[in-house]
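The values are calculated or read from the model by the stated rules, or taken from the named source; none is laboratory data. Just so we're clear, the structure is a prediction, and the values are computed from it rather than from any experiment. Neighbour counts run over all protein chains shown; Cβ positions are idealised from the backbone, glycine included. Each accessible area value is taken on the protein alone, full model and side chains, heavy atoms only, with ligands, DNA and RNA left out. Shrake-Rupley method; radii C 1.70, N 1.55, O 1.52, S 1.80 Å.
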Amino acid sequence: MKIGYARVSTIDQSLDMQLDALNNEGCERIYTEKASGAKDDRKELQRALDSLRQGDVFIVYKLDRLARSTKKLIEVYEQLTELGVELVSIRDGLDTTTPTGRAMFKMIGVIAELEREMIVERTKAGLAASRARGRKGGRPKTDQKKIEQALKLYDSQKHSIAEIEEMTGVKKATLYRAINNRKTV
């Protein structure tokens, strides 16, 4: 079965064009939605993916209708592969029902993996350079004296958490973490 998916954003008026192309490809069922590609919560896309069965072909007008990032695109493709479903992108000329299409998609995956590894490598190098200059990363630690003062106020049971937070500057999460750590010690 050929199943199509079309997505338009609020400023995109190409739904008719996408539907025409999907119908010309012989899609028996088409899921459409109006949502930003940056959103991960796309109900119709999820419905389309849930309806796919082994041997189906999932057709999209363009890959950017399916996913905004290469990482997300690879995740969707891996999900389709596990289901035994092929992917066709009409405008991009990508068709994983052919050996060339599968090879092209795997190359995209290799490039995406390289990109991720390079980002990790640059991040590690940047952190190492900062440490060499004496800088520490992460959130600054809350002053232990302020935490102790907040615990005393909490134990007195005369103040609300919001009041303790205001008086000491110790955030609610930090106070609760200190209370929990005290219980386990």
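List of remarks:
- Cross-chain or 6+ apart pairs with Cβ under 6 Å, the range 8-34 first and of a type in the set (Val, Ile, Thr), then at pLDDT below 85: VAL8/LEU15; VAL8/LYS34; ILE30/GLY4; THR32/ALA6
- Count - residues of the range 153-162 that are surrounded by fewer than 11 Cβ atoms within 10 Å (Cβ to Cβ) and outside any loop (DSSP other than H, G, I, E, B): 3
- Residue satisfying all of: in the range 48-70; charged (D, E, K, R) and surrounded by 13 or more Cβ atoms within 10 Å (Cβ to Cβ); modelled with the highest pLDDT among these: ASP56
- Within the range 90-143, tally of residues that are in contact (Cβ under 8 Å) with a residue 40 or more places away in the chain and within 30 Å of GLU25 (Cα to Cα): 5
- The range 73-85, residues that are in contact with a Leu (Cβ under 8 Å, 6 or more places away or on another chain) and part of a helix (DSSP H, G or I): LEU73, VAL76, TYR77, GLN79, LEU80, LEU83
- All positions within the range 74-89 that are more than 18 Å from ALA6 (Cα to Cα), touching a residue at least 12 places away in the same chain (Cβ under 8 Å) and more than 19 Å from the chain's Cα centre (by Cα): LEU83, GLY84
- Options GLU148, GLU115, GLU165: the member that is open to solvent by less than 80 Å² (accessible area, probe 1.4 Å) and acidic (Asp, Glu): GLU165
- Close contacts from the range 154-173, counting a first residue that is more than 18 Å from LYS141 (Cβ to Cβ) and without any contact (Cβ under 8 Å) to a residue 60 or more places away in the chain and a second that is open to solvent by 80 Å² or more (accessible area, probe 1.4 Å) and aliphatic (A, V, I, L, M), with Cβ to Cβ under 8 Å and a gap of 6+ residues or different chains, come to HIS159/MET167.
- Checking each residue in the range 110-144 for being of a type in the set (Asp, Glu) and assigned to a helix (DSSP H, G or I) picks out GLU113, GLU115, GLU117, GLU121.
- Subset of the range 90-112 (residues that are of a type in the set (A, V, I, L, M) and either over 20 Å from the mean Cα position of the chain (by Cα) or open to solvent by less than 80 Å² (accessible area, probe 1.4 Å) (or both)): ILE90, LEU94, ALA103, MET104, MET107, ILE108, ALA112
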